[in-house]
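J.: My structure is below; once you've seen it, I'll send some questions.
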């Protein structure tokens, strides 16, 4: 079984190797911020000693955005070459840990934490948001985000997306055999005093948009 592991490196680099006890590993991708470059390169050197192929990726911009974009890019590029992709959240600094966990959640990946010298499997979704959120739903989320996070009527959202109100309602509320953006926790719907609907993108919706972004020109590169 070929397994790709993705891990961040921080003050506890040995946690990277603890992750190997639970899952086999055929290749390792290490994400690190500049202050932990020495630790990351040391982990890569130790991996070379056990003949484990390792990619180093430096995260120079804000970790949440960069991790989400990079993990999604790695999954798209590598998933067909491996039987499983595992995310080890236990070795990095706090923000990287949170970012990797969010990326694992969005992409439906197996993830583990490390407690002392023991790997701890984390709950995993049986689906990926990326698989169930259609391009039309993504268009709605982007329109809300571009409007500052919310709009105060369905008509305004229809103008911004180019979708008619009935189709918008279907994607927001859902229908037979399809969950809507509201039930997926990606948008919130409130009714204003005048009776109009107020629609706003949730933090999870923003995370999904970050993971789905196609703007990779500023994404960190492999080293």
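Read-outs: derived from the displayed coordinates by stated rules, not from any lab. All values reported here derive from a predicted model rather than from experimental measurement. Counting neighbours? That spans all protein chains shown, and the Cβs are built from the backbone with ideal geometry, glycine included.
J.: Could you say which residue among 112, 132 is farther than 18 Å from residue 13 by Cβ and in contact (Cβ under 8 Å) with a residue 12 or more places away in the chain?
T.: 132
J.: Moving on. Conditions: (1) under 16 Å from the mean Cα position of the chain (by Cα); (2) within 21 Å of residue 117 (Cα to Cα). Residue 77 meets all but one. Number of the miss?
T.: (2) is the only condition that residue 77 fails.
J.: Please go through region 139-157 and pick out each residue that is outside any strand (DSSP E or B) and either surrounded by 18 or more Cβ atoms within 10 Å (Cβ to Cβ) or in contact with a strand residue (DSSP E or B) (Cβ under 7 Å, 6 or more places away or on another chain) (or both).
T.: Correct list: 140, 141, 143, 144, 145, 149, 152, 153, 154, 157.
J.: Count, please, the residues in region 43-59 that happen to be closer than 14 Å to residue 9 by Cα and surrounded by 13 or more Cβ atoms within 10 Å (Cβ to Cβ).
T.: The total comes to 10.
J.: Restricted to region 91-108, and to residues that are touching a residue at least 60 places away in the same chain (Cβ under 8 Å) and either part of a loop (DSSP other than H, G, I, E, B) or over 16 Å from the mean Cα position of the chain (by Cα) (or both), which residue is farthest from residue 78 (Cα to Cα)?
T.: Among them, the one singled out is 93.
J.: Looking at region 122-132, can you tell me whether even one residue there is touching a helix residue (DSSP H, G or I) at 6+ places or on another chain (Cβ under 8 Å) and assigned to a helix (DSSP H, G or I)?
T.: Yes; the residues of region 122-132 include at least one that is touching a helix residue (DSSP H, G or I) at 6+ places or on another chain (Cβ under 8 Å) and assigned to a helix (DSSP H, G or I).
J.: Restricting region 171-197 to residues that are surrounded by fewer than 16 Cβ atoms within 10 Å (Cβ to Cβ) and touching a strand residue (DSSP E or B) at 6+ places or on another chain (Cβ under 9 Å), which is nearest to residue 105 (Cα to Cα)?
T.: Of everything passing the filter in region 171-197, 183 is nearest to residue 105 (Cα to Cα).
J.: Taking the condition within 24 Å of the chain's Cα centre (by Cα), surrounded by 21 or more Cβ atoms within 10 Å (Cβ to Cβ) and not in a helix (DSSP H, G or I), does residue 112 pass?
T.: The answer is yes for residue 112.
J.: Among the residues of region 53-60, is there at least one that is farther than 26 Å from residue 209 by Cβ, in a helix (DSSP H, G or I), more than 19 Å from the chain's Cα centre (by Cα) and without any contact (Cβ under 8 Å) to a residue 60 or more places away in the chain?
T.: no
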